[in-house]
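Step one of this worksheet: look at the structure below.
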Amino acid sequence: RDRVPGVTGYCRPSEGVVGGDWWWAAQRKDGSRVLAIADISGHGVQAGVMALESRAIVATALASNVPLPEIARGLARHRWESGMFMTLLLAILEHDTIEYCSAGAPFATLIKSDEIRSLPPTGPVISNLRGEWTSRRLTFSAHDLLVSATDGLVEHAPVDQLQADLQR
């Protein structure tokens, strides 16, 4: 994967080789940076396959300038097994703004020099139940930090492994 200026992340499956959590980032030709972080419910092969499929859909849509809420709507039309769902944070970072769409992403935070602000969901989790999503636009500077994670960061991980991962 090519490096994206100012974007760092990692993913470590809690079980097996392929997990349901993933992240993706790229820089567009116009210089804006786009990113996504997602968590497919469940574990095992089914969650892994849905993760691979959804990651490809999101990466293509973000690279093609599809509006963030439309990406969430498109994923909701995808074939979801009964009871499965996905949390998703999509973001576009431009010079002085961040536009985001959160489909139930629980751990998105914008850290500024004078405040720490949770980024609330702009719609429900993605599933076969459908829903409606919007996006929000906030000011963003080179000194601000967007932090996001899935529950996989703390799920089934011993404390010493978390500390080692965070020191990378």
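The values are calculated or read from the model by the stated rules, or taken from the named source; none is laboratory data. Being a predicted model, the structure only gives us computed values, none of them experimental. Cβ coordinates were reconstructed from backbone atoms using ideal geometry, including for glycine residues, and neighbour counts include every protein chain displayed. Side chains are part of the model used for accessible areas, which takes the heavy atoms of the whole protein and leaves out ligands, DNA and RNA. Shrake-Rupley method; radii C 1.70, N 1.55, O 1.52, S 1.80 Å.
Residue by residue, here is whether (1) part of a loop (DSSP other than H, G, I, E, B); (2) modelled with pLDDT of 85 or more; (3) over 22 Å from residue 33 (Cβ atoms); (4) touching a Gly at 6+ places or on another chain (Cβ under 7 Å) holds:
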| site | (1), (2), (3), (4) |
| --- | --- |
| 92 | no, yes, no, no |
| 95 | yes, no, no, no |
| 113 | yes, yes, no, no |
| 130 | yes, no, yes, no |
Any chance residue 53 is of a type in the set (Asp, Glu), touching a His at 6+ places or on another chain (Cβ under 9 Å), free of Cβ contacts under 8 Å to residues at least 60 places away in the same chain and within 19 Å of residue 20 (Cβ to Cβ): yes
Meets criteria (part of a helix (DSSP H, G or I) and either small (Gly, Ala, Ser) or open to solvent by 30 Å² or more (accessible area, probe 1.4 Å) (or both)) for residue 25: no
In region 115-128, the residues that are out of contact with any Gly (no Cβ under 8 Å at 6 or more places or on another chain), open to solvent by 20 Å² or more (accessible area, probe 1.4 Å) and over 13 Å from residue 144 (Cβ atoms): 118, 120, 128
In region 62-79, residue least open to solvent (accessible area, probe 1.4 Å) [restricted to those that are not β-branched (Val, Ile, Thr) and not in a helix (DSSP H, G or I)]: 78
Residue list for region 99-110, filter: out of contact with any Asp or Glu (no Cβ under 8 Å at 6 or more places or on another chain), among the aliphatic types (A, V, I, L, M) and in a strand (DSSP E or B): 103
